[in-house]
Structure formats: structure tokens, C-alpha cells
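Worksheet: one structure, shown below.
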Amino acid sequence: MDNLSDTLKKLKITAVDKTEDSLEGCLDCLLQALAQNNTETSEKIQASGILQLFASLLTPQSSCKAKVANIIAEVAKNEFMRIPCVDAGLISPLVQLLNSKDQEVLLQTGRALGNICYDSHEGRSAVDQAGGAQIVIDHLRSLCSITDPANEKLLTVFCGMLMNYSNENDSLQAQLINMGVIPTLVKLLGIHCQNAALTEMCLVAFGNLAELESSKEQFASTNIAEELVKLFKKQIEHDKREMIFEVLAPLAENDESMQKLFEGGKGSVFQRVLSWIPSNNHQLQLAGALAIANFARNDANCIHMVDNGIVEKLMDLLDRHVEDGNVTVQHAALSALRNLAIPVINKAKMLSAGVTEAVLKFLKSEMPPVQFKLLGTLRMLIDAQAEAAEQLGKNVKLVERLVEWCEAKDHAGVMGESNRLLSALIRHSKSKDVIKTIVQSGGIKHLVTMATSEHVIMQNEALVALALIAALELGTAEKDLESAKLVQILHRLLADERSAPEIKYNSMVLICALMGSECLHKEVQDLAFLDVVSKLRSHENKSVAQQASLTEQRLTVES
């Protein structure tokens, strides 16, 4: 290493004199020292102050610019050298060298800039200000179709540089997307799929960019999914397959690109997706279930998939994940089933296929995302399906779990869906047995609370369910309705000018139904409902005005 000190001293002199032979020799010695002990050599380079002189050796006229860029690339492998490289003013001349026609200069410059940007805010910011990203993207576009090894190596370096430049930085990723990097990378992937290093670099770049909302539209306009599926078929390595699906998963959440691939259920990508569901690879299962959930964004797709046996595949998948299963796979498969259950024509088919039984196996899950999807799936399935609603509503284990989840204050989604399913069981079954099960399980108070929800749709669902309870099983439920302060809540809803017309209407229907209970009737009388109701006779909504007249008559007769 004493030789290194001599080399650095000599380099300082020759860098100023620009004595070419001596300069080349010194640079070769430095590269050799860096190859032997990079960290120690880099420390000595920093201490010597030679970095500042490198800027003058990076001019387009310099004969040793490629070697200097190579040295910078090597020293910038060390974190402690990245800011000194920026401070030495090396970024601007390096970016200028990106305009070179010399392949070796471009390769070493790309390496140098990529290493300086790695995990360095200062490096990225300097490259951004110098306009480096656009020049690199232009190179990727123009060199994209050339498949010789030297060019593929350069393309790999440039992709790596862009990745280091934008990694975990939303604004720089958005900048690359605006520059149109995605279609270029997709094209690269298609042309160079035999080159493992370049393929991997593209996949990592996609993984970074696919998370960004603004990338979804660009991805949708390319054939990225087809390219990834082609690539997947060729991959044997598990790690590579996993990388492909880390990219596919966020893409599978994009409606537009998924519809393009569905092609009425005949698309080759869709057929491939079907083969992922029974796979033993969790990443594959997840990507498959996510894709199905997103193909199931319109009725025609849903009907086609249910008619072609997708439900059975998803149930088999869920069955493999009941005991200590993969939560993300459970969540994705339940999402798919929920979406498939939306078209009316699918509900009976899915019920007879045994979907409710498959879904109920996850009642014991302690994972809120799984609980949320489970509830949504059941609610979709029983919509206007009286028999299924009655069967589920008499299931004591289910109803008790719903009542428990109605108190999940830390998970508003689970709490809301539990309330909505409780109400749906009553509304769609209109069954006395279901009401008795819900009363016995302590569910009434939750339906009363639901009537005060900030969401009109939930308020309305609660009031309709409570009206059915009052009409069918008032005697069984009256104590719980009284202790939940239902009458006071109804008075508040009717007196509040902000209450929606349907809330006022259903509140009055419910008041009339409660008159059959002695204790609740007394509460109605004590609260002077007549005053509030009589004002509603002149309500602008005809149904509300009409119901107000009927309710007033009923209250007058009963008083």
C-alpha cells in the first residue's frame, strides 16, 4: 500500500500536467489497488484529495475518461464515498459523458452514477438536477433492439442505475413514469428475456414502479402481463418466480389491465391464471386469486367464471389454508368469492356449491382482513336468498361471532360489516327463528346502535331490520329494545332536520310497530312524539308526509 501513496502523489502531478502515458499508468495502478482492497484504497483516495482532480479528467476530450469513471464506480461502492463524489463536483461531468458514443465510456459512467445514487439522497438529487435520468431512458429506447452481449451488459447497467436513482423515492419514480420508462422496460423484457441479469434488473425496476398509482395506466397500455407470464413459463428458479409475482400482484389490482387480459374468459393469460390457483406456491396462489378477484369486476366476467368452475377451485384453495394458512392467500380468495357473488344469477349456484360452508371455516380467524372479507362474502351470498339467510341466521356460532365483532372498535371495517350482516340475516330471511337467535345472542343493541351510524345506508338497513323484529317478535325483543334506548334514538332521528327522508320514513314505520309493547308504548307517549310527527306532514317528500299522517293517526288513537 506504500506504492499506493506514491501512485496518488504521482497522479496529482500528472492530472495537472495531463501527461497521458504516466496518467494511464497511475489510473491502472489505482484500479488494481481497488480490486485488491476496495475500502482501504477508497479511504486513501478520499484522504489524498484526488477526487477533486477527477472532474477535469472526465471531459469528452480526455483519453482516460472511461478509466476515471471506472475508478469512481469502484470507490462509490462504499457508502462513505458517495457524498464526497457529489461534493467533488463529479456528477455534472459524468452526466455529460452519457452523451458519448463510446460503449465503454457509457458502461463505466452508468456504473459510476448508479453506485453514487445507491441509497444516497445527495447522489440522486445531483443526478436529478443534471438531467441524467432522461438521457439514460433515451439510451434504453435507442439500444433496446440490439441483442449482442456487450449491449445487453450496458442495458443492464442503465436499468440498474435508474433503479438505484429512484428506489423508494415516490417523486423520482413518478418522474421516470412521466418520462415513459414503463413501455421501454416492457419492450426490453420481451426482447431480452433470455438474458438473466437484464431480466432480473427489469423485474426489480417493475417491482419498484408497480406500487405507484400513476404507473397503473402505463402498465395497462403495455403487454406486461403477457410478457411476465411468458417469462414465468421459462423460469425454473423459485426466487425468480417470486420476483415475477411481486410485480404481478399490484398489477392484478388494476381493473383496466386485468379486463384486457380476460378476453371473455378465452385469454391465454386468464387460462394461465387458472392454473396458478391449484399450485403449491403461495406466491402463485396469491397472484391467481388476486387476478380472479379483479377479473370479477363486472357481471359478465363473474357469470362466465362461475359457470366454468372457478368457485370450486377457490374453495379447494381456501380448504388448503384453513389450518395455519397464509393470510394473504385467504384474503385474496375470499375477495374473489365476494366479487363473484355480486351478480344475482350467481348466488344460488354458489350457495349450492357449498361456498357458505367453505367460508364459515374461517370464523375462528383472528385476522381482521380475513374477517372483513368473510363477512362481505356472506352478506353478498344471502342477498335476496331467504333460505340461505335463514340457515345462516339460525347458526348460533356465527351469530355469536358477529355480536363479538360488532364490538371490534379497533377495526371499523369488521365492526361495520358485522352489523350489516346481522341486519341482512333478518331482512332477507324475515324469520322468527333468526330473530330469536339474534336476541338470545345479544345482537339487538348493536342493531339499535347501527341506526345512529353516519352512513345512511347502514342506518336504513338497521331500521328495516328493527321494524321486522317489532312486527314478528316484539315480545321476545322488547326488553333489549328498551334497554338500548331505541325510542329515544327514534325521537332524535325524527327531530333532526339532517336525517334523510328514508330514515324519517322508516323511523315512523318502526314507531307504529312498537306500539304493541306496553313498556315501549309508554316511552313513546312520554316523549311527545306527536309534536315531531305532525310537523312532518308538510315534508317535501310525499312518502314521508303520508307516513307522518298515518303515524299521527296511530299515535292519537293509542294515546
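The values are calculated or read from the model by the stated rules, or taken from the named source; none is laboratory data. As the structure is a computational prediction, the values presented were derived from the model and not from experiment. FYI the Cβ positions are ideal-geometry reconstructions off the backbone, even for glycines, and counts take in every protein chain you see. What goes into the accessible areas is simple: the full protein's heavy atoms, side chains included, and nothing from ligands, DNA or RNA. Shrake-Rupley method; radii C 1.70, N 1.55, O 1.52, S 1.80 Å.
General remarks:
For every residue, the table says whether it meets (1) outside any helix (DSSP H, G or I); (2) within 16 Å of Asp102 (Cβ to Cβ); (3) in contact with a helix residue (DSSP H, G or I) (Cβ under 8 Å, 6 or more places away or on another chain); (4) without any contact (Cβ under 8 Å) to a residue 24 or more places away in the chain.
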site: Gln52; (1), (2), (3), (4): no, no, no, no
site: Ala55; (1), (2), (3), (4): no, no, yes, no
site: Gln61; (1), (2), (3), (4): yes, yes, no, yes
site: Ala66; (1), (2), (3), (4): no, yes, yes, no
site: Ala69; (1), (2), (3), (4): no, yes, yes, no
site: Ala73; (1), (2), (3), (4): no, yes, yes, no
site: Phe80; (1), (2), (3), (4): no, no, yes, no
site: Pro84; (1), (2), (3), (4): no, no, yes, no
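- Scanning region 27-39 for residues that are under 18 Å from Asn115 (Cβ atoms) and in a helix (DSSP H, G or I) yields Leu27, Leu30, Leu31, Ala33, Leu34, Ala35, Asn38, Thr39.
- Boolean, Val456 is surrounded by 17 or more Cβ atoms within 10 Å (Cβ to Cβ) and among the β-branched types (Val, Ile, Thr): no
- Yes/no for Gln96 being free of Cβ contacts under 8 Å to residues at least 24 places away in the same chain and either open to solvent by 40 Å² or more (accessible area, probe 1.4 Å) or farther than 21 Å from Asp119 by Cβ (or both): no
- As a summary of the residue check, Lys522 satisfies the conditions (1) within 27 Å of Ser441 (Cα to Cα); (2) basic (Lys, Arg); (3) modelled with pLDDT of 90 or more except for the one numbered (3).
- Residue match in region 439-457 (condition: under 20 Å from Thr551 (Cα atoms) and modelled with pLDDT under 95): yes
- Among the residues of region 523-547, those identified as within 14 Å of His491 (Cβ to Cβ) and in a helix (DSSP H, G or I) are Glu523, Val524, Gln525, Asp526, Phe529, Leu530, Asp531, Val532, Val533, Ser534, Lys535, Leu536.
- Residue under evaluation Val75, criteria (1) β-branched (Val, Ile, Thr); (2) crowded, with 23+ Cβ neighbours inside 10 Å; (3) in contact with a Leu (Cβ under 6 Å, 6 or more places away or on another chain), criterion not met: (3)
- Evaluating Val204 against the criteria (1) within 26 Å of Ser125 (Cα to Cα); (2) outside any helix (DSSP H, G or I) leaves one unmet condition, (2).
- Within region 349-369, restricting attention to residues that are part of a loop (DSSP other than H, G, I, E, B) and in contact with a Leu (Cβ under 8 Å, 6 or more places away or on another chain), the residue that is farthest from Leu402 (Cα to Cα) is Lys361.
- Residue check for Ala470: surrounded by 21 or more Cβ atoms within 10 Å (Cβ to Cβ), modelled with pLDDT under 95 and over 37 Å from the mean Cα position of the chain (by Cα): yes
- Flag if Glu122 is under 42 Å from the mean Cα position of the chain (by Cα), buried (at least 19 other Cβ atoms within 10 Å of the Cβ) and of a type in the set (Asp, Glu): no
- Among the conditions (1) under 48 Å from the mean Cα position of the chain (by Cα); (2) part of a helix (DSSP H, G or I); (3) surrounded by fewer than 15 Cβ atoms within 10 Å (Cβ to Cβ), the only one that Gln553 does not satisfy is (1).
- All of Val127, Val186, Val181 fail the test of being without any contact (Cβ under 8 Å) to a residue 40 or more places away in the chain, at negative phi and open to solvent by less than 30 Å² (accessible area, probe 1.4 Å), apart from Val127.
- Of the criteria (1) touching a residue at least 24 places away in the same chain (Cβ under 8 Å); (2) open to solvent by 60 Å² or more (accessible area, probe 1.4 Å); (3) β-branched (Val, Ile, Thr), which one Ile146 fails: (1)
- Conditions (1) more than 30 Å from Ile146 (Cα to Cα); (2) in contact with a Cys (Cβ under 9 Å, 6 or more places away or on another chain); (3) surrounded by 15 or more Cβ atoms within 10 Å (Cβ to Cβ): number failed by Ile91: (1)
- Tabulated pairs, region 435-449, first open to solvent by 30 Å² or more (accessible area, probe 1.4 Å), second part of a helix (DSSP H, G or I), C-beta under 7 angstrom, 6+ apart or interchain: Lys436/Glu473; Lys436/Thr476; Lys445/Asp480
- Filter result for Leu510 (hydrophobic (A, V, I, L, M, F, W, C), in a helix (DSSP H, G or I), crowded, with 22+ Cβ neighbours inside 10 Å and within 39 Å of the chain's Cα centre (by Cα)): no
- Count of region 9-26 residues, restricted to those that are under 15 Å from Ala66 (Cα atoms) and either modelled with pLDDT of 90 or more or among the hydroxyl-bearing types (Ser, Thr, Tyr) (or both), is 0.
- Residues that are modelled with pLDDT under 80, farther than 21 Å from Gln371 by Cα and charged (D, E, K, R) do occur in region 270-291.
- The set of residues from region 370-422 being within 21 Å of the chain's Cα centre (by Cα), within 23 Å of Leu318 (Cβ to Cβ) and part of a helix (DSSP H, G or I) comprises Val370, Gln371, Phe372, Lys373, Leu374, Leu375, Gly376, Thr377, Gly413, Val414, Glu417.
- Residue satisfying condition, being more than 20 Å from Phe270 (Cα to Cα), under 22 Å from the mean Cα position of the chain (by Cα) and of a type outside the set (Gly, Ala, Ser), within set Asn178, Asn195: Asn178
- Residue check for Val355: open to solvent by 20 Å² or more (accessible area, probe 1.4 Å), closer than 22 Å to Leu421 by Cα and of a type in the set (Val, Ile, Thr): no
- Failed condition for Lys347, given (1) farther than 24 Å from Ala220 by Cβ; (2) open to solvent by 10 Å² or more (accessible area, probe 1.4 Å); (3) of a type in the set (Lys, Arg): (2)
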